[in-house]
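Down below is the structure, laid out as structure tokens.
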Amino acid sequence: MASTRKQEISEETRRRLVKAAAELAAEGGSAAMSVQAVAERSGISRGSVAWHFGSKDGLLRAVVEDAFRWGMEKLRAELASSSATGIEALIEANFVLMSYPEARIFSTILVEAVIPGSTIRETYAEQYVAMRTLYADYLRSIDTPVANPELVAVTLLAGTLGINLQHRLDPDNVDRRSAVTELESIYARAMASTATSGHENPAAHENP
């Protein structure tokens, strides 16, 4: 029993440290989540960061993993309850996800993630693989067939990421809702065109 209680305390301490660090990173990037700032925000001693994560870099990697885990849970929940269908549902789920204040972290530390040699570059890339896999798996499940789910997942993430970044940079001139609606329209037209072409040329896929 004592061992179980000790483990629970350790897990709660870790959770509070990650939460505090994530809040700080969402507000001002990784530079804002100094060990001292994390300790003050969480109410936990500075030494606990090294104990649980080894260093600030270890803590930052844990923050990235936790943020993506949270994000993918939100996406799955939105997709499960969405009234939209197909690719539109996926774009709408992303729109809702990025409306949460916690989602700011994806843009505040993205630049750091793409710098060669960054401590979170590999972790960020791994999480994007998981995100693309989620997208591709969903695209395989929809009624309207998608020829290359993995590639479409890449383009969908690129489109939504671009819209969200532009909105963060220039919220007065980039209407995220309108841009997302237009993105949905573009994909809808492309899907309709593909379906029509396939219907009009049934022999196109037959062997000669």
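The values are calculated or read from the model by the stated rules, or taken from the named source; none is laboratory data. Computed from a predicted structure; not experimentally measured. All Cβ positions, even for glycine, are placed from backbone atoms using ideal geometry, and neighbour counts span all protein chains on display. In case anyone asks, the SASA skips ligands and DNA or RNA and just uses the protein heavy atoms, side chains included. Shrake-Rupley method; radii C 1.70, N 1.55, O 1.52, S 1.80 Å.
Odds and ends about this structure:
- Any pair with Cβ under 6 angstrom, 6 or more apart, that starts in segment 61-89 at a residue that is surrounded by fewer than 16 Cβ atoms within 10 Å (Cβ to Cβ) and ends at one that is not aliphatic (A, V, I, L, M): Ala84/Glu92
- Among (1) among the small types (Gly, Ala, Ser); (2) over 21 Å from the mean Cα position of the chain (by Cα); (3) surrounded by 18 or more Cβ atoms within 10 Å (Cβ to Cβ) - the single one Ala22 does not satisfy: (2)
- Residue that is nearest to the chain's Cα centre (by Cα) [pool: residues in segment 107-144 that are closer than 19 Å to Ser82 by Cα and not in a helix (DSSP H, G or I)]: Ile142
- Selection within segment 130-149: residues that are farther than 19 Å from Val64 by Cβ and hydroxyl-bearing (Ser, Thr, Tyr). The member of this set that is least open to solvent (accessible area, probe 1.4 Å) is Tyr138.
- So Gln127, is it of a type in the set (S, T, N, Q) and touching a helix residue (DSSP H, G or I) at 6+ places or on another chain (Cβ under 7 Å): yes
- If only residues of segment 20-46 that are outside any loop (DSSP other than H, G, I, E, B) and of a type in the set (Ser, Thr, Tyr) are counted, the one that is nearest to Phe106 (Cα to Cα) is Ser30.
- Taking the criterion of being buried (at least 21 other Cβ atoms within 10 Å of the Cβ) and part of a helix (DSSP H, G or I), the residues of segment 92-106 that qualify are Ala93, Asn94, Leu97, Ile105, Phe106.
Condition check ((1) under 17 Å from Leu183 (Cα atoms); (2) modelled with pLDDT of 95 or more) across all residues:
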| residue | (1), (2) |
| --- | --- |
| Ser83 | no, no |
| Ile87 | yes, no |
| Thr108 | no, no |
| Ala130 | no, yes |
| Thr144 | no, no |
| Ala147 | no, no |
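- Candidate set from segment 152-180 (those that are assigned to a helix (DSSP H, G or I) and either of a type in the set (Gly, Ala, Ser) or more than 17 Å from the chain's Cα centre (by Cα) (or both)); member that is nearest to Tyr135 (Cα to Cα): Ala153
- A single member of Ser30, Ser55, Ser10, Ser48 is farther than 30 Å from Val154 by Cβ and touching a residue at least 40 places away in the same chain (Cβ under 8 Å), and it is Ser10.
- Test result for Ile120, at pLDDT 95 or above and open to solvent by less than 80 Å² (accessible area, probe 1.4 Å): no
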